[in-house]
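Working notes, beginning with the structure itself.
The values are calculated or read from the model by the stated rules, or taken from the named source; none is laboratory data. All figures in this text were calculated on a predicted structure; none of them were measured in a lab. No Cβ is skipped: glycine too gets one built from the backbone with ideal geometry, and neighbour counts run over all protein chains shown. The area values use the complete protein model at the heavy-atom level, side chains included, leaving out ligands, DNA and RNA. Shrake-Rupley method; radii C 1.70, N 1.55, O 1.52, S 1.80 Å.
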Amino acid sequence: MSELQTYVINLDRSKDRLDAITVQLDRLGLPFTRIPAVDGKQASPEQKASIDEQSYQRKHGKPSLPGELGCYLSHVKAIQAFLQSDASFALILEDDAIFAEGFVDAVHELMQHPERWDMVKLSGVHSGTPVYVLTLNAKYGLAVMFSKCTCSSAYLINRIAAQAYSEKLLPMTLPYDHEFDLGWKYQIKVRAVSPFPVIHNEAVATTIVPGSVPNLKFRGRKRWPTHLYRLRTEFSRLSYAISQYCFSK
């Protein structure tokens with residue numbers, strides 16, 4: 001799969017995570033490029049200026065965390081690296097990904113149907129209420145998502161999506177996994193593989209939100225703008241999904 005470039009986002013201090021995913025990718029025969037992750041705790045003034053904090057709090061209902069900024073900018077780095085390459089497709093992975101049986105076959109099948117997608121989610125915390133539009137193989141299908149599906153552990157993009165992201169991802173106004181699947185905003189074809197062929201490694205602690213962080217969610221009237229934003233977003237998501245499903249059939 002010479003058209004494919006694989007990127008693994010990994011913090012310098014997380015060598016154990018890099019070792020674990022390296023073993024998996026070597027076994028799968030997938031060479032990769034490591035993207036040194038941005039450490040939000042050590043972000044530069046320029047990096048901190050990449051977030052629109054007022055919009056973030058209005059949309060997400062709580063202050064941003066350094067790890068969320070680091071995660072967001074790390075994915076931006078991976079996308080920029082892809083655009084600087086000659087590859088047609090990029091597989092972008094966070095270092096806590098675990099690959100299910102048939103993962104490589106699913107990626108290969110996706111590359112055989114480049115006209116059917118621009119970004120494909122390969123992992124998700126929520127199901128996304130998938131509705132199939134293409135059978136990839138006996139185990140996996142390509143689907144349009146009709147509901148929210150957070151998670152950015154693994155996804156496949158083409159150059160159309162990468163260019164759209166490079167133009168519109170910044171400034172940051174949401175966590176990355178809430179932002180990058182807003183297909184109507186980026187004018188790209190967002191899909192998911194169902195069932196997901198990649199899962200989180202639950203045995204390792206997150207490097208985004210430490211367990212000691214208190215609940216920072218706004219309450220009462222201060223959270224009303226967030227409720228309104230999410231209501232509008234889910235309406236847009238549903239409208240987008242219906243149009244994408246009709247277009248795909």
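Some observations on this one:
- Among the residues of region 23-43, those that are open to solvent by 40 Å² or more (accessible area, probe 1.4 Å), over 18 Å from the mean Cα position of the chain (by Cα) and on the phi < 0 side of the Ramachandran plot comprise 23, 26, 27, 28, 31, 41, 42.
- Residue 44 free of Cβ contacts under 8 Å to residues at least 12 places away in the same chain and of a type in the set (Ser, Thr, Tyr): yes
- Where residue 55 falls short, out of the listed (1) at pLDDT 95 or above; (2) open to solvent by 30 Å² or more (accessible area, probe 1.4 Å); (3) among the hydroxyl-bearing types (Ser, Thr, Tyr); (4) farther than 15 Å from residue 94 by Cβ: (2)
Here is a yes/no grid of residues against (1) at pLDDT below 95; (2) touching a Ser or Thr at 6+ places or on another chain (Cβ under 7 Å); (3) closer than 13 Å to residue 190 by Cα:
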site: 129; (1), (2), (3): no, yes, no
site: 133; (1), (2), (3): no, yes, yes
site: 139; (1), (2), (3): no, no, no
site: 144; (1), (2), (3): no, yes, yes
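- Every condition in (1) surrounded by 19 or more Cβ atoms within 10 Å (Cβ to Cβ); (2) within 18 Å of residue 199 (Cα to Cα); (3) in contact with a strand residue (DSSP E or B) (Cβ under 7 Å, 6 or more places away or on another chain) is met by residue 89 except one, and the failing one is (2).
- If the condition is being part of a helix (DSSP H, G or I) and touching a helix residue (DSSP H, G or I) at 6+ places or on another chain (Cβ under 7 Å), then region 21-47 contributes 28, 40, 41, 47.
- Elements of type helices (runs of 4 or more DSSP H) in region 90-199, at least 1 residues being β-branched (Val, Ile, Thr): 103-111, 159-168
- Failed item, numbered, when residue 75 is tested on (1) assigned to a strand (DSSP E or B); (2) buried (at least 17 other Cβ atoms within 10 Å of the Cβ): (1)
- Applying the condition of being among the β-branched types (Val, Ile, Thr) and over 14 Å from residue 78 (Cβ atoms) to region 152-175 and asking which residue is surrounded by the fewest Cβ atoms within 10 Å (Cβ to Cβ) yields 160.
- The residue pairs whose first member lies in region 205-233 and is over 27 Å from residue 97 (Cα atoms), whose second member is modelled with pLDDT of 90 or more and open to solvent by 100 Å² or more (accessible area, probe 1.4 Å), and whose beta carbons are closer than 8 Å, counting only pairs six or more residues apart or on different chains, are 223/217; 225/58; 226/58; 229/58.
- Taking region 120-135 as the range and being surrounded by fewer than 24 Cβ atoms within 10 Å (Cβ to Cβ) and aliphatic (A, V, I, L, M) as the test, the residues that pass are 125, 131, 133, 134.
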